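Below: one structure, written as structure tokens.
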Amino acid sequence: MISFNKQLNNHIENISSCLCVGLDISPELLGNSTSIPECIAHSKKVVDATMDLAAAYKPNLAFFERWGSNGIKWLEDILDYINGQTLTIADGKRGDIGNTAEQYAKSFFDHFGFNAVTVNPYMGEDAVNPFIKRPEKGAFILCKTSNPSSGDFQNSLNGQINLYERVAEKSVEFNKMDNVGLVVGATVPDDIIKLRKIAPQLPFLIPGVGAQGGNLEKSVSYGNQNGHALISISRGIIYSGDKSEGSIRSAAVDYRNRVMDIIDG
């Protein structure tokens, strides 16, 4: 059985891309008159434009769940459309007591067929374990996030280190099956350096480039030292230019090339 982290590393090497494309399809950003059929069509357009460039797709579940049962059907359909051609990460940020987390894991991995999921570690190890019991399935643990108020709790001191550093330490301990990664925001590049020292070789999922103002060059450079970092781009790709397939592809190619140029030095 190939571990999730090994699958990810192999895929990044095979396609020469660290690009993670976020599928955050919002009717408000497509045009106020947009309906769910138009959102569905746009999501397929994004996949068509970027399949050979994306090391992973990251559907943000909120953008599907807002539509109720129709949104769940859309999520099932877009995963079928991707059809295992690249890795998929459920951006659900789930975190609950063990028996509830077990149900989330069954949903994401068995029903939908995701390769990995984002996980909130606030409730401790038993809330994380259901997502990392199978080596081929992965969990990206929220560590230092990109939102402006992330420091309210994540920067709280626990002895001599910040809470987010303790999360990284525990995540290294959790990584017995080589299937744990960290979510680290592009808006905190200095913290990426700290976390790379604590968690060498763990894959990083780095959101926050583009609309949130994160630093692309530092995120790529720091994140890809002693391990791979997926650079997650959503709005900067899926709503680029005139939102045509050509415009979406052009933006994805540009981001992929910029990322690889930084890695190659």
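The values are calculated or read from the model by the stated rules, or taken from the named source; none is laboratory data. Keep in mind that what you see is a predicted model, and the values were worked out from it rather than measured. Quick reminder, even Gly has a Cβ in these numbers, built from the backbone with ideal geometry, and neighbours come from all protein chains shown.
For residues that are more than 19 Å from the chain's Cα centre (by Cα) and either of a type in the set (D, E, K, R) or within 15 Å of LEU87 (Cα to Cα) (or both), scanning just the range 111-133, find the one that is modelled with the highest pLDDT.
Top of the filtered list is LYS133.
Take the residues in the range 55-93 that are of a type in the set (Gly, Ala, Ser) and in a loop (DSSP other than H, G, I, E, B), then tell me which one is nearest to ILE237 (Cα to Cα).
So in the range 55-93, the residues of a type in the set (Gly, Ala, Ser) come out as 55-56, 62, 68-69, 71, 84, 90, 92.
Imposing the further condition that a residue be in a loop (DSSP other than H, G, I, E, B) reduces the set to 55, 68, 84.
Details: ALA55: 14, GLY68: 26, GLY84: 21 Å.
This residue is ALA55.
Which of the residues belonging to the range 119-137 are in contact with a Phe, Trp or Tyr (Cβ under 8 Å, 6 or more places away or on another chain) and over 17 Å from GLU169 (Cα atoms)?
Correct list: PRO130, PHE131, ARG134, PRO135, GLU136, LYS137.
What do you reckon, is ASP96 assigned to a strand (DSSP E or B) and either closer than 17 Å to ALA168 by Cβ or not polar (S, T, N, Q) (or both)? If you could, list the steps in order and put the result at the bottom.
On the way: assigned to a strand (DSSP E or B): no; either closer than 17 Å to ALA168 by Cβ or not polar (S, T, N, Q) (or both): yes.
For ASP96, the condition - assigned to a strand (DSSP E or B) and either closer than 17 Å to ALA168 by Cβ or not polar (S, T, N, Q) (or both) - is not met.
Just to be sure before I move on: is ILE263 β-branched (Val, Ile, Thr), surrounded by 22 or more Cβ atoms within 10 Å (Cβ to Cβ) and either touching a residue at least 60 places away in the same chain (Cβ under 8 Å) or assigned to a loop (DSSP other than H, G, I, E, B) (or both) in the structure I sent? Walk me through how you get there before you give the answer.
Numbers: β-branched (Val, Ile, Thr): yes; surrounded by 22 or more Cβ atoms within 10 Å (Cβ to Cβ): no; either touching a residue at least 60 places away in the same chain (Cβ under 8 Å) or assigned to a loop (DSSP other than H, G, I, E, B) (or both): yes.
So ILE263 does not fit the description; no.
Specify the residue that is surrounded by the fewest Cβ atoms within 10 Å (Cβ to Cβ); the eligible residues are those in the range 28-54 that are part of a loop (DSSP other than H, G, I, E, B) and of a type in the set (Gly, Ala, Ser). I'd like the intermediate steps shown before the answer.
Going through the range 28-54, the residues part of a loop (DSSP other than H, G, I, E, B) turn out to be 31-35, 51-54.
When the remaining residues are screened for being of a type in the set (Gly, Ala, Ser), the result is 31, 33, 35, 54.
Working: GLY31: 9, SER33: 7, SER35: 11, ALA54: 28.
If we take residues in the range 28-54 being part of a loop (DSSP other than H, G, I, E, B) and of a type in the set (Gly, Ala, Ser), then SER33 is surrounded by the fewest Cβ atoms within 10 Å (Cβ to Cβ).
List the residue pairs whose Cβ atoms are under 7 Å apart, where the first residue sits in the range 1-27 and is on the phi > 0 side of the Ramachandran plot and surrounded by fewer than 24 Cβ atoms within 10 Å (Cβ to Cβ), the second is part of a helix (DSSP H, G or I) and aliphatic (A, V, I, L, M), and the two are 6 or more positions apart or on different chains.
From residues that are on the phi > 0 side of the Ramachandran plot and surrounded by fewer than 24 Cβ atoms within 10 Å (Cβ to Cβ), the pairs are SER16/MET260.
Would you mind stating whether GLY236 is surrounded by fewer than 15 Cβ atoms within 10 Å (Cβ to Cβ) and in a helix (DSSP H, G or I)?
no
Considering ILE97, ILE25, ILE78, which residue is in contact with a His (Cβ under 9 Å, 6 or more places away or on another chain) and of a type outside the set (Ser, Thr, Tyr)? Write out each step before concluding.
Working: ILE97 fails: in contact with a His (Cβ under 9 Å, 6 or more places away or on another chain); ILE78 fails: in contact with a His (Cβ under 9 Å, 6 or more places away or on another chain).
Every option except ILE25 fails the conditions.
What about LEU195, is it outside any strand (DSSP E or B), within 14 Å of the chain's Cα centre (by Cα) and at pLDDT 90 or above?
Details: outside any strand (DSSP E or B): yes; within 14 Å of the chain's Cα centre (by Cα): no; at pLDDT 90 or above: yes.
Against the criterion (outside any strand (DSSP E or B), within 14 Å of the chain's Cα centre (by Cα) and at pLDDT 90 or above), LEU195 does not qualify.
Of all residues being of a type outside the set (A, V, I, L, M) and touching a Ser or Thr at 6+ places or on another chain (Cβ under 9 Å) in the range 110-129, which is farthest from LYS73 (Cα to Cα)? Just the residue, please. Even if it seems obvious, please write down each step before you answer.
Kept after step one, since they are of a type outside the set (A, V, I, L, M), are these residues of the range 110-129: 110-115, 118, 120-122, 124-126, 129.
Those still in the list that are touching a Ser or Thr at 6+ places or on another chain (Cβ under 9 Å) too: 112-115, 121.
Working: PHE112: 10, GLY113: 14, PHE114: 15, ASN115: 19, PRO121: 28 Å.
Only one residue fits best here, namely PRO121.
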